[in-house]
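Everything below concerns the one structure shown next.
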Amino acid sequence: METQKCTRCKKALPSHMFANKTKNQPKTCYSCRSESSIHYKQSHQSESVTEILSQEEMSNKLYEQILEINTNEYFENESAEIDFKCNVSLDINEEDPQKLSKIIAESLGNADET
């Protein structure tokens, strides 16, 4: 039986403990990925207060939340998700909802480039 060493718990485990739905082989075992996912969800459930943010603050906050996650473990875990909620303060006198949604989408796109 082939074994692999988990980069998180440092245990040598059978290869099937590293399987996931994607084709790439994760470096952390299923147990560590599950534990990480549970911890992430619990830590973000308590943040039920929704802040009012400007567009720039929203982009920065989302970017910080993505950086907060251990990127390799997060993206290896197919059940992981980012739960991001905020109210956006728009200083625009436009009544056109399509224009407002386009501005928000562009702001989020700019956060990816940061």
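Taken together, the values in this text are just the output of simple stated rules run on the coordinates, not laboratory data. What you see is a predicted model, and the numbers here were worked out from it, not measured in a lab. Reconstructed Cβ throughout: ideal geometry from the backbone, glycine too, with neighbour counts over all protein chains shown.
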Handout entry: Proximal lysines to Lys21, defined as alpha-carbon separation beneath 29 angstrom and excluding residues fewer than eight positions away on the same chain
Key = Lys5, Lys10, Lys11, Lys41, Lys85
Exercise for the section: State the extension gain, in nm to one decimal, for the chain segment bounded by Lys41 and Leu13, taking 0.36 nm per residue of separation less the distance between their alpha-carbons. Expected result: 7.5 nm
Practice task
Return the FRET efficiency for the residue pair Asp96, Lys61: r is the Cβ-Cβ distance, R0 is 35 Å, and the value is rounded to the nearest 0.05.
Solution key: 0.85
Problem - Stretchable slack from Lys27 to Ser54, in nm (0.36 nm times residue separation minus alpha-carbon distance) - result: 5.9 nm
